[in-house]
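K.L.:
Quick one: the structure is below, questions incoming.
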Amino acid sequence: MAQGTHDFTPDPRNERILINVNGQMVPRAEASVSVFDSGFMLGDGVWEGLRVHRGKVAFLNAHLDRLYEGAKAIAMDIGLTKDQLAQRLDETIDGNTMRDAEGVHIRLMVTRGIRSTPYQDPRVVISPATIVIIPEYKAPLPSTIETGIKLFTVHVRRGDPAVQDQKLNSHSKLNCITACIQATQAGADEALMLDPHGFVATCNSTHFFIVRNGEVWTSSGDYCLGGITRSNVIQVCREEGIPVFEKNFSLTDVYGAQEAFVTGTFAGVVPVTEVDGRALTPSRGPMVERLQGLYRGLMDRDVQ
């Protein structure tokens, strides 16, 4: 089972979920895509992680905007309008009677479709885009939210956008996977990754923040995904008058921070208690606890 911010308690109801494969609701054990699918074969596609909160997908418009922007960037036709895809998400939630459930997480995946042969050129694609929606009963552990995670700075860097733009939420995640492997082998929960210039960029599956003298810092954003939760935390900081900065900073700044935390759709705001063996706080600090409450309030407002 995954560790860190994505740690969760297995739920037996997940064995009976229906997965939406190209508009058809299919039992989990029977859900599949072709071995010639672009996502399986080449990692050619884009995806979103979504959280259902009080019966609705939180921050849905922002997630769909990012998905369609990514599809446009790789010249991929999703084949549905945003409204049609939102309807398909609703059908998946309702088909699993999850509307009133707590702790529902959805993985929405779109690939370029089926290829006629194993080859990179998109012109060999012979089908519409493949759209898969996997809903699960999956909530972060309370202990993760309260006691946090440990990070290890890995040698794997966030790449130059001319090689692979880190702002693209693509299925090609080998860069993050190798970072995660190194951090895990070092005994940490997630990897802290630097940019090509040696400044702190992001984590392998979440965004990273530090708290210094009452200020909240996060990376410039030049070498990380345009995180929905990241932007929401920045928003609530500005609404509440908390000084927040997107800037370059180094590991020295991290080691001297009073608090640190990561953000992501799955777990929201999660404290970081240790980086590279340097202890920051024994559990969540006052700023992290405050931001957790502000973020929950923003989610509540979004789904009203």
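K.L.:
Can you report the number of residues in segment 11-24 which are surrounded by 10 or more Cβ atoms within 10 Å (Cβ to Cβ), at negative phi and not β-branched (Val, Ile, Thr)? Lay out the reasoning, then the answer.
P.N.:
Pass one, segment 11-24, residues surrounded by 10 or more Cβ atoms within 10 Å (Cβ to Cβ): 11, 13-23.
So of that shortlist, the ones also at negative phi come out as 11, 13-21.
Checking the rest, the ones that are also not β-branched (Val, Ile, Thr) come to 11, 13-16, 18, 20.
Count: 7.
K.L.:
Would you list the strands (runs of 3 or more DSSP E) that sit entirely within segment 183-235 and hold 2 or more residues that are within 18 Å of His6 (Cβ to Cβ)? Reasoning before the result, please.
P.N.:
Details: elements: 190-194, 200-203, 207-212, 215-218.
Because the criterion is at least 2 residues that are within 18 Å of His6 (Cβ to Cβ), the strands (runs of 3 or more DSSP E) in segment 183-235 that meet it are 190-194, 200-203, 207-212.
K.L.:
Sticking with this one: Which one is farthest from Asp195 (Cα to Cα) among residues in segment 117-145 that are within 20 Å of the chain's Cα centre (by Cα) and charged (D, E, K, R)?
P.N.:
Initial filter on segment 117-145 (within 20 Å of the chain's Cα centre (by Cα)): 131-145.
With the extra rule that they be charged (D, E, K, R), the set shrinks to 136, 138.
Details: Glu136: 33, Lys138: 31 Å.
Across segment 117-145, the extreme among qualifying residues is Glu136.
K.L.:
Mind listing whichever residues of segment 23-67 are in contact (Cβ under 8 Å) with a residue 40 or more places away in the chain and of a type in the set (Ser, Thr, Tyr)?
P.N.:
Ser34, Ser38 - these are the residues of segment 23-67 that are in contact (Cβ under 8 Å) with a residue 40 or more places away in the chain and of a type in the set (Ser, Thr, Tyr).
K.L.:
Quick check, is Leu192 under 18 Å from the mean Cα position of the chain (by Cα) and within 22 Å of Cys237 (Cβ to Cβ)? Steps first, answer last, please.
P.N.:
Details: under 18 Å from the mean Cα position of the chain (by Cα): yes; within 22 Å of Cys237 (Cβ to Cβ): yes.
Yes.
K.L.:
Does segment 264-276 contain at least one residue that is out of contact with any strand residue (DSSP E or B) (no Cβ under 6 Å at 6 or more places or on another chain), part of a loop (DSSP other than H, G, I, E, B), at pLDDT 95 or above and surrounded by fewer than 17 Cβ atoms within 10 Å (Cβ to Cβ)?
P.N.:
no
K.L.:
If you don't mind, another one. Among the residues of segment 118-168, count how many are more than 30 Å from Ala257 (Cα to Cα), touching a residue at least 24 places away in the same chain (Cβ under 8 Å) and of a type outside the set (Lys, Arg).
P.N.:
Taking segment 118-168 first, the residues more than 30 Å from Ala257 (Cα to Cα) are 118-138, 162-164.
From what is left, the residues that are touching a residue at least 24 places away in the same chain (Cβ under 8 Å) are 118, 120, 122, 125, 128-138.
Okay, now just the ones that are also of a type outside the set (Lys, Arg), so 118, 120, 122, 125, 128-137.
So the answer is 14.
K.L.:
Something else now. Inspect segment 291-299 for any residue being within 21 Å of His63 (Cβ to Cβ) and exposed (fewer than 15 other Cβ atoms within 10 Å of the Cβ) and give the result as yes or no. Explain how you work it out, then say what you get.
P.N.:
Applying the first criterion (within 21 Å of His63 (Cβ to Cβ)) to segment 291-299 yields 291-292, 294-299.
Now restrict to residues that are exposed (fewer than 15 other Cβ atoms within 10 Å of the Cβ): 296-297.
Within segment 291-299 (the criterion being within 21 Å of His63 (Cβ to Cβ) and exposed (fewer than 15 other Cβ atoms within 10 Å of the Cβ)), the answer is yes, since at least one residue qualifies.
K.L.:
Among the numbered conditions (1) surrounded by 17 or more Cβ atoms within 10 Å (Cβ to Cβ); (2) more than 14 Å from Ser220 (Cα to Cα), tell me where Ala186 comes up short.
P.N.:
(1)
K.L.:
Please find, within segment 6-64, the residue that is modelled with the highest pLDDT out of those that are under 26 Å from Asp302 (Cβ atoms) and acidic (Asp, Glu).
P.N.:
Per the stated criteria, the residue is Glu48.
K.L.:
Considering only residues that are over 14 Å from Leu294 (Cα atoms), part of a helix (DSSP H, G or I), without any contact (Cβ under 8 Å) to a residue 60 or more places away in the chain and touching a strand residue (DSSP E or B) at 6+ places or on another chain (Cβ under 8 Å), which ones fall in segment 236-253? Give the steps one after another, and end with the answer.
P.N.:
So in segment 236-253, the residues over 14 Å from Leu294 (Cα atoms) come out as 243-253.
When the remaining residues are screened for being part of a helix (DSSP H, G or I), the result is 251-253.
Adding the requirement that they be without any contact (Cβ under 8 Å) to a residue 60 or more places away in the chain leaves 252-253.
Asp253 - this is the single residue of segment 236-253 that is over 14 Å from Leu294 (Cα atoms), part of a helix (DSSP H, G or I), without any contact (Cβ under 8 Å) to a residue 60 or more places away in the chain and touching a strand residue (DSSP E or B) at 6+ places or on another chain (Cβ under 8 Å).
K.L.:
Is it true that Ala101 is in contact with a helix residue (DSSP H, G or I) (Cβ under 7 Å, 6 or more places away or on another chain), under 29 Å from Ile145 (Cβ atoms) and not assigned by TED's automatic domain parsing to the domain that holds Thr263? Let's see the steps before the verdict.
P.N.:
Numbers: in contact with a helix residue (DSSP H, G or I) (Cβ under 7 Å, 6 or more places away or on another chain): no; under 29 Å from Ile145 (Cβ atoms): yes; not assigned by TED's automatic domain parsing to the domain that holds Thr263: yes.
Answer is no for this residue.
The values are calculated or read from the model by the stated rules, or taken from the named source; none is laboratory data. Everything quoted here is computed from the prediction, not taken from an experiment. Positions of Cβ are generated from backbone atoms using ideal geometry, with glycine treated the same way; all protein chains shown enter the neighbour counts.
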